[in-house]
């Protein structure tokens, strides 16, 4: 029987077909390094290793970490699997990668993350100096739909993620695919082309200050929300240059407009 800790938000994926699809979505080869967050009992890890990729795993649960040491003893000996016991939100990726004999610092990230750390997880790994080139992540379907703006309405999460890469919803995962079964449907998303290219012209820190202010109060129009950062005169000038209506709402603006606003407010 599989025992899951509620305190760690553990829901272990058991569906072999789904596990295989997640591993396949990473388009892995023997040349790749994969960072797996929360490997649990190693169900997905086995599929990742089958691809020939080198796998680095971070597991917070000490009992599971000990189990993984035994399960993948051969792969650890052959330096195809490296295991770190710790919190994925506290670990410095550059220090972690320097600790292992890897040929490159470039890596892909695969994770079945607890739903309660989704926002913090994306913030940390997408904005990292050594960010992954690709992410394949299993999250709550409702959050996945918000990220890709399925209803054509953007959110602070969707814009923040699109600033670094291109999100794509791959497929749904039913509650019955997990032990224990969560109360919600899940989905796998792929974020590819991850980079900081958008911040070569737009100031990254200012971008997120504007984004947070813009979405601060849902019932307010964008101009009203931004008045916490800028004067009415400056906002009027920037909106005119950006050809935006003063009645514009944050949820209606695509990423390029947010980047443009960042550049115009920087003047």
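Summary table below
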read-out: Any hit, region 71-90, residues being farther than 18 Å from residue 22 by Cβ, out of contact with any strand residue (DSSP E or B) (no Cβ under 9 Å at 6 or more places or on another chain) and modelled with pLDDT under 95; value: yes
read-out: Output for region 52-69, where each listed residue is touching a helix residue (DSSP H, G or I) at 6+ places or on another chain (Cβ under 8 Å) and in a loop (DSSP other than H, G, I, E, B); value: 60, 61
read-out: Options 226, 211: the member that is out of contact with any strand residue (DSSP E or B) (no Cβ under 6 Å at 6 or more places or on another chain), over 29 Å from residue 114 (Cα atoms) and crowded, with 18+ Cβ neighbours inside 10 Å; value: 226
read-out: Among residues of region 229-250, those that are in contact (Cβ under 8 Å) with a residue 24 or more places away in the chain, part of a loop (DSSP other than H, G, I, E, B), surrounded by 14 or more Cβ atoms within 10 Å (Cβ to Cβ) and more than 30 Å from the chain's Cα centre (by Cα), counted; value: 1
read-out: One residue from 28, 89 being surrounded by 17 or more Cβ atoms within 10 Å (Cβ to Cβ) and either more than 18 Å from residue 132 (Cβ to Cβ) or touching a residue at least 12 places away in the same chain (Cβ under 8 Å) (or both); value: 28
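The values are calculated or read from the model by the stated rules, or taken from the named source; none is laboratory data. All figures in this text were calculated on a predicted structure; none of them were measured in a lab. Backbone-built Cβ (ideal geometry, glycine too); neighbour counts: all protein chains shown.
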